[in-house]
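Some notes on the structure that comes next.
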Amino acid sequence: MDTKSEVAKGLLLKLVSACSEVEVKQIIEDDPILSKEQNWKPYGGYQGNFNTIHNQQQNPAASLAEKPINSIDHLLLKECKLININPESDKAPKSMQEAVELFFGIKKGDFSEVGQRKRRELASNIMIIAEGSRERPNMVVADTGEGQHPSNFENTFVSLHQGGNKGKIRFVQGKYNMGGSGVLAFCGDYHYQLILSRKTPELLQYNQDDRWGFTLVRLYIVTGPSPYKNSWYEYCVDENGEILSFPGEPLTILPNHESFKSGTYIKMFNYDLPDPSIIGFGLWRELNRILYAPALPLMLYEARDYKGHSPFKLMLGNKMRVMVDNRDSVDQSLTITAELGKFGRRNVEVTLFKEGTSKSEFTTQDNAILFTINGQTHAAIGRSFLKTKAKLWYLADYLLVHIDCTDVETNVREQTFMPDRERMRRNQISREVEETLADELGKHEGLQKLNQFRREQQVIKNPKDTAFLEGVVSNLIKNNRSLVDYLGLGGGVKDVKQPGPTTIDKYEGKRFPTYLKILSYSSKDKLYRKQIPINSYARLKLETDATNDYFDRASEIGELKMRPDIMSSFHLWNGIITIKLVPPENAKVGEIQEVTIELTRPYEDSLFLEFEVEHTPPIQPSVSPHGEKDKDKAQAYKLPETILVYREKRDGCSCWTERGWTGEDIGEVAPSGETNGNGKNLDVFINMDADVLRSYLGRQQVSEKQQALIERSWETSIFLNSLILYNDLAKLEKEEMLPDIMKSISKITLDLMHNESLLKELKED
C-alpha cells in the first residue's frame, strides 16, 4: 500500500473510531487535507442545497429508515447483477417480492413461513448500530450490498436530483435520487456523516481497481457578514478533488468484530433520535411502523453500555409481527376489498388488537392507517379519523389499518404521496380515498359490533347522574330553547327499551366454502331482484360458510368475481359476504340487468349465483316542511350517557387506568356508534378526580354537603361545556382538539361559579 493510501486508511479508521462529533471536529482541524476549505465540494454539486436537504422528513426515525431501504435496494441489485441480469431489462424482476423470491428463494417474498435461523441469516446483511453517547448516539447503517466504487460516489451517495439512477428499475424503492440525505438535518450540531463503501469485487468493471472509498459530509455554517444567504452541505475530497480511497481489503470496523468485506457503511454522528434509549425498544418499534413490511429483515445492534440486554434485535416490520411473533395480541383480522377512487381496487387490511395491548406498540396517535409502497409507509392517517369519521371511537386506539399501494398508477402516486414519505397531499384523490375508507370501516357490521361490545365494557351507567343532569338541562332548555341546538340533542327524553348486551360469538367457518346463496332469499321460481337508485348504491348480502380470511390469507385463497362488475366493495364476516353495488355511469331508470357472481375455490369448481339489478329513479334529498323540525325539538331530546371517572375504581364509575388518564385530563366526548333522532349518540367522560377540582376543594373551607354541591357543579359544567364545544368542533372536523381545550377551560370554571364576591358585584351592578 502506497503512502497516500496508508494516510487515507488511517484517516478513515480515526473517523470510524470517533465517539462524537466533537472528536470529528478535532480530527478535521488536525488533518492536513480536511482542514483546507478547497478540499470540500458542495453536496449535489451546488451550494443552494440546504433547503432541498432540510425540506424532507420531519421525523428523524423516518429519515433514518431511508438508509436501510437503500440497503435493501442494493442487496437486490447485487444479487441481480451477480447472475448477469441487467436490472433495467425485461428479464429483471418486476417487483420487490419477485426479486426476493428469485434471489433468496422466499416464495412471494413472504417471511411468515421462513424459520428464525434463516431470517437471522438474511438480517445480518443489513445492520443498524447504535454506539457512543446514550443521549445522542452515533447511528451506523452497514450493509453487504453491491457497494459503490470511489469514482461513482458523486453520482450516488452525494448526489441530488441527478438523473434518478434507480428510476428505471422496477424492483427497488429509491426513486427521488436524494441519496438518503434527509438524515443530515438530525446529525448533531455540525451535521457530520461518514460514508464508506467498497464495490463487490465480482462486479468491478474491467477498468476499475478494487478500492474502498470514503468521504465525510458536514454543514458549512454561514456566520456574520457573508455574501451567502444560506449555509450549505459539503463533502471532503483529496488534494486532487477525488474521493479519498485505499486498496480493498476486509476491515474490522463492526462492533461484533466480524470482518466487513464489501458493501456500504454510513455513520451519522450524534443522531437526534426521539427515543435515544436502547434501540431494541423505542427505535425498533418506530422502524417496525415505518418499514411495515420490508422486503428483507434487518438487524439492530446496541453497542452502547447497557447491561443485561441482548445487543441483537431482529426487525421484520409490523406486518410480520402481527402474523408471527405477536399473533397472541390480535383480537380480530379482517379485509375489506374496496374501490378507493383513483387508487383502484385495494385490499384494506384491518387488525384489531386485544384490550391491554400497549397503545403505542403497533400504532401511534398520528399513524393508525398506513399507506405503503414496497412495504415502506409513504403516508399515514391518525386515530382521530377512526374516532370521528369512521365512528369507531372505542376501537380506534387498538386498530391498525393497512393499504398496499405498490401497484397504484405512477402518476396517481406522484400526485398523492409527498417525497418525504410521511404525508398525502390534500387533493381530490386523497379526499375520495378518505371518504371511502370512512364509509367502509364505519359501516362494516363486524367492526360496528366490536365497537359496541368494547363500549359496553367501558360505559358504566349511573341512573342517579342521568336523572340529575336531565333535571338541570330541562330547566335550562325551558329558558333557552336554542340550547337544544348547541348541545346537539335529539331523540326522546327517556331511553327507549335498550337492547341486551352485545355478544361476540366465535365463528367457525370452513377453509373452503361449500355453498353460496343470497341471504334470507329462498325462492327458486324467479331470480332475486335488487333495486339500485341511479344516483346512489345498494348493499347485497350473501351467505356462505368460508372462514373470514378466505380472500386474504397467504395461500389457498378464493376470489369473488362479478359479471358485469358493479362491485364497489365487498368483505366477508362470519359467513356473510357484504357487497356494495353501484350503478354504471350510463344506467337508465327502469333498466333491468342480469348479474352473475362467482366464488372461486382452489381445488374445486367455483360456486355461482345469479340475480337481477333494477335501476330505479334517483333518490331526492328529503326536506322537512317548514316548522316541523322545530316542533320535533320542542317535544323531545335525549341526553348523552355520562361516565364519571375517578382515580381509583368504584362502583358505577370508571377509573383513570381504564381511560389512560391522569389528573391533568378533564373531559372527553365519544361517539357511541349508535344513532338517535339527531343522527348521533355521544358518551361524555368527566374526570371527578381532576387536579383542578381537587386543588380547588383543598383551598376551600367547606362542609361535606358543600363539597358535594361543588362536585355537582363541576360535573354539570364539564358536561355542558364538553357537549357545546364538541358540536362546534365537529362542524370544523376538529373534534380531537376537545380534550386540550377542556384543560384550559377547567382552570377558571370553578372559581367563576363559586366566587361569592364576584357574584355580589354582578348583582349590585
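Miscellaneous remarks
- Extents of the stretch 3-315, largest first, come to 61, 50, 39 Å (Cα atoms, principal axes, whole angstrom).
- Whole-Hz couplings from phi, Karplus 6.51/-1.76/1.60, listed for the stretch 578-588; x for Gly and Pro: 9, 10, 9, 9, 10, x, x, 4, 9, 5, 10
- Cβ-based net charge around SER63, under 12 Å, with every Lys or Arg adding one and every Asp or Glu removing one: -3
- For THR406, nonlocal amide neighbours, meaning residues 5 or more places apart or on other chains whose placed amide H falls under 5 Å from its own, are ASN374.
- Taking packing as the residue-averaged number of other Cβ atoms within 10 angstrom, the listed peptides 572-579, 526-533 run from highest to lowest as 572-579, 526-533.
- Near PHE611, once Lys and Arg are set to +1 and Asp and Glu to -1 for all other residues with Cβ below 11 Å from its Cβ, the sum equals 0.
- Between ASP740 and SER358, the simple label model (points 7 Å from Cα in the Cβ direction) yields a spacing of 2.4 nm.
- Cross-link pairs LYS705/LYS734; LYS391/LYS506; LYS342/LYS731; LYS67/LYS107; LYS354/LYS580 - those with Cα-Cα distance over 32 Å: LYS705/LYS734
- A crude spin-label estimate for the pair GLU556 and GLU131, with each label 7 Å from Cα along the Cβ direction, gives 4.9 nm.
- Packing, as the average of other Cβ atoms within 10 Å across residues, places the peptides 304-315, 98-109 in the order 98-109, 304-315, highest first.
- Taking the Cα centre of the chain as origin and assigning +1 to Lys and Arg Cβ atoms and -1 to Asp and Glu Cβ atoms, the resulting dipole is close to 1040 debye.
- Positive dipole terminus of the chain, leading residue within LEU609, TYR537, ILE579 (C-beta point charges): LEU609
- The HN-Hα couplings worked out from phi for the stretch 307-313 by the Karplus form 6.51 cos²θ - 1.76 cosθ + 1.60 (θ = phi - 60°) are 7, x, 10, 5, x, 8, 8 Hz, whole numbers, x standing for Gly and Pro.
- Paired Rg and Dmax values of the chain, which use every Cα atom, in angstrom: 31.3, 99
- Positive-end residue of TRP40, GLN116, LEU194, charge dipole of the stretch 3-315 with Cβ unit charges: GLN116
- The stretch 364-485 has equivalent-ellipsoid semi-axes of 39, 18, 12 Å, by the square roots of 5 times the alpha carbon gyration tensor eigenvalues, sorted largest first.
- In sequence order, the stretch 283-288 has phi-based couplings of 5, 4, 5, 5, 5, 4 Hz under the Karplus curve 6.51 cos²θ - 1.76 cosθ + 1.60, θ = phi - 60°, and Gly or Pro positions carry x.
- In the chain, the DSSP beta bridges split such that about 80 percent are antiparallel, to the nearest 5.
- Listed peptides 72-85, 186-199 appear in the order 186-199, 72-85 once ranked by packing, highest mean of other Cβ atoms within 10 Å at the front.
- When Rg and the Kirkwood Rh are both derived from Cα coordinates, the Rg/Rh ratio for the stretch 185-276 amounts to 1.07.
- Other-chain or far-sequence residues with amide H under 5 Å of TRP573's (modelled H): THR578
- Interchain or long-range residues, amide H under 5 Å from HIS378's placed H: PHE371, THR372, ILE373
- Theoretical gain in end-to-end length, TYR528 to PHE608 [0.36 nm per residue, Cα-Cα removed]: 27.4 nm
- Between helix 60-82 and the chain there is an angle of about 60 degrees, using the helix long axis and the longest principal axis of the Cα atoms.
- Nitroxide proxy distance, nm - points 7 Å out along Cα→Cβ at TYR521 and GLU239: 8.7
No lab work stands behind these numbers, since they all come straight from the coordinates. Note that the coordinates shown come from a computational prediction; the quantities given were computed from them, not determined experimentally. Note that we place each Cβ from the backbone using ideal geometry, even for glycine, and neighbour counts take in every protein chain shown.
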